[in-house]
Amino acid sequence: MSRSFVPSPNIARLKESATLAVAAKARSLRAQGIPVIDLGAGEPDFDTPAFIREAAAAAVEAGATRYTATEGIPALREAIAADANRLLPAGATPFTAAEVVVSNGSKQSLFNACMACFGPGDEVLVPTPSWMSYYEMLELARATAVPVFGHAERGLKVTAEELEAAATPRTRGVMLNSPCNPTGAVYSREELEAILALADRHGWWVISDEIYLRIAYDAPATSALQLAPARDRLILVNGVAKAYAMTGWRIGWAIAPVAVAKAMTSVQSHTTSNPAAVSQHAALAALTRVDEANAAIDTMVRAFHSRRDAVLDALGTARSLAVHPAGAFYLYLDVSSFGGEDPGAKFAAALLDTHQVAVVPGSAFLTPHWIRASYATTEAIAVDGVQRIVRLLTAGA
Ligand code: PLP
């Protein structure tokens with residue numbers, strides 16, 4: 001007799017990652033021999049720089065094959081603190097390794113932070129559209145995610161006033177992400193400053209996901225650590241995945257007040273323990289061989305920049321329908337002209353069926369009138385994909 005699986009209440013409301021679902025559909029079409037232009041992926045198409053791969057291989061030979069401390073090897077935690085200190089304003093107290101927890105990707109750092117800081121009854125403001133995992137992580141922490149929608153005329157960014165209007169006495173925190181996935185929008189210094197001041201006034205936790213910080217085109221993106229009026233409620237999250245083309249190595253980190261860092265380490269110690277030793281050594285090379293790393297990042301960001309410009313050109317007059325992509329590697333496009341209740345999903349399905357291009361419907365980010373196209377692929381492929389998007393937009397539903 002086979003018995004059916006009834007999910008526990010812990011996960012009953014979890015949703016499948018739409019980004020992964022689109023990638024799976026594109027893979028299955030490819031397996032049937034149908035060539036698909038995949039603009040669904042959220043990872044750099046570059047290989048991890050050679051000096052990092054070589055450092056990892058050497059570390060394995062030198063014995064980096066065992067458990068490490070849950071919170072990461074001391075040298076990497078120090079390198080992460082030093083990396084953050086380079087951005088601190090003059091006179092600010094430097095971060096130390098005691099404030100750093102290394103995790104299996106920034107995703108785990110975000111999850112640990114949500115588990116450590118939020119619980120039942122807590123409300124957490126999520127500027128929306130946003131990366132969908134924030135909602136699910138908050139759900140797993142049994143807190144309530146409160147989406148706060150940004151206006152199209154501001155690149156779908158939210159203002160401090162909009163956040164304040166959504167707050168209640170139960171509000172405990174806000175999730176920030178600049179440059180933003182899915183929109184590519186970047187918060188200005190002033191916008192960020194106003195939000196940080198608001199959070200500070202209310203004593204809210206600020207979890208600032210800065211995984212795309214180094215990938216900005218019009219000007220360097222601002223980190224919350226450059227502006228925060230206080231650090232006792234600030235958790236910075238970053239990692240090597242996007243800027244260093246190291247998605248598969250799974251190394252991210254949080255920089256948080258020591259008590260929070262300890263609590264996050266405790267969560268991690270009972271779930272995954274330390275991130276892979278070899279990956280920590282790879283990240284150590286990435287963060288300490290600064291000149292080589294900067295050269296590699298510059299090359300990749302220049303390529304993303306050139307693709308960004310090329311896809312904007314390919315949009316032509318449809319450019320007015322896109323959020324200005326000042327960072328990350330995503331184009332967020334308003335397809336509401338396609339009509340229906342969920343124009344983004346309708347558009348994405350039609351695009352895959354008739355033009356063989358995979359994109360992510362905006363409903364994945366709680367904004368069903370939009371689609372997300374990633375240009376983390378060759379320029380020729382990205383432009384071809386965007387030209388097909390324009391053809392479908394012009395043809396209509
Ligand atoms: N935060 C955002 C906004 C992302 O888009 C992603 C990956 O897509 C992550 C975090 C996770 O990155 P990592 O690979 O470091 O876990």
Residue set Val278, Val258, Val240; condition among the β-branched types (Val, Ile, Thr) and surrounded by 22 or more Cβ atoms within 10 Å (Cβ to Cβ); output residue Val240
Residues of segment 113-136 classified as under 17 Å from the mean Cα position of the chain (by Cα) and open to solvent by less than 10 Å² (accessible area, probe 1.4 Å), total:
8
Based on what the data block shows, is Ala283 farther than 19 Å from Val383 by Cβ, in the same structural domain as Pro74 (by TED's automatic domain parsing) and away from the ligand (no atom under 16 Å from the Cβ)?
no
Looking at segment 201-237 only, could you name the residues that are within 14 Å of the chain's Cα centre (by Cα), buried (at least 22 other Cβ atoms within 10 Å of the Cβ) and not in a loop (DSSP other than H, G, I, E, B)?
Ile207, Ser208, Asp209, Leu236, Val237
Those residues of segment 281-302 which are open to solvent by 50 Å² or more (accessible area, probe 1.4 Å) and within 20 Å of Ile215 (Cβ to Cβ) amount to Arg289, Asp291, Glu292, Asn294, Ala295, Asp298, Thr299, Arg302
Which residue pairs have Cβ atoms under 7 Å apart, sit 6 or more places apart or on different chains, and have a first residue in segment 308-336 that is free of Cβ contacts under 8 Å to residues at least 40 places away in the same chain and a second that is of a type in the set (Phe, Trp, Tyr)?
Ala322/Tyr332
Return the residues of segment 229-255 that are within 14 Å of Ala113 (Cα to Cα) and away from the ligand (no atom under 16 Å from the Cβ); say none if nothing qualifies.
Asp232, Arg233, Leu234
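Within segment 71-112, count every residue that is among the hydroxyl-bearing types (Ser, Thr, Tyr) and within 22 Å of the chain's Cα centre (by Cα).
Residues meeting the conditions: 3.
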Among helices (runs of 4 or more DSSP H) completely within segment 7-114, the ones holding 1 or more residues that are within 16 Å of the ligand (Cβ to nearest atom), of a type in the set (S, T, N, Q) and closer than 30 Å to Gln387 by Cβ are 18-31
Filtered residue count, segment 385-397, keeping only those that are assigned to a helix (DSSP H, G or I) and open to solvent by less than 50 Å² (accessible area, probe 1.4 Å)
6
Those residues of segment 112-121 which are within 17 Å of Ile235 (Cα to Cα) and without any contact (Cβ under 8 Å) to a residue 60 or more places away in the chain amount to Gly119
Kindly evaluate Leu176 against the criterion of being more than 21 Å from Glu123 (Cα to Cα) and touching a residue at least 40 places away in the same chain (Cβ under 8 Å).
no
Hey, can you tell me all the residues within segment 338-375 that are part of a loop (DSSP other than H, G, I, E, B) and among the aromatic types (Phe, Trp, Tyr)?
Tyr375
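Yes/no matrix, rows are residues, columns are (1) open to solvent by less than 30 Å² (accessible area, probe 1.4 Å); (2) within 16 Å of the ligand (Cβ to nearest atom); (3) not β-branched (Val, Ile, Thr):
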position: Leu163; (1), (2), (3): yes, no, yes
position: Pro169; (1), (2), (3): no, no, yes
position: Asn177; (1), (2), (3): yes, yes, yes
position: Thr183; (1), (2), (3): yes, yes, no
position: Ser188; (1), (2), (3): no, no, yes
position: Glu191; (1), (2), (3): no, no, yes
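The values are calculated or read from the model by the stated rules, or taken from the named source; none is laboratory data. Since we're looking at a predicted model, the values are computed, not measured. All Cβ positions, glycine included, derive from the backbone under ideal geometry; neighbour counts span all protein chains shown. Note: accessible area is taken over every heavy atom of the protein model, side chains too, but ligands, DNA and RNA are not part of it. Shrake-Rupley method; radii C 1.70, N 1.55, O 1.52, S 1.80 Å.
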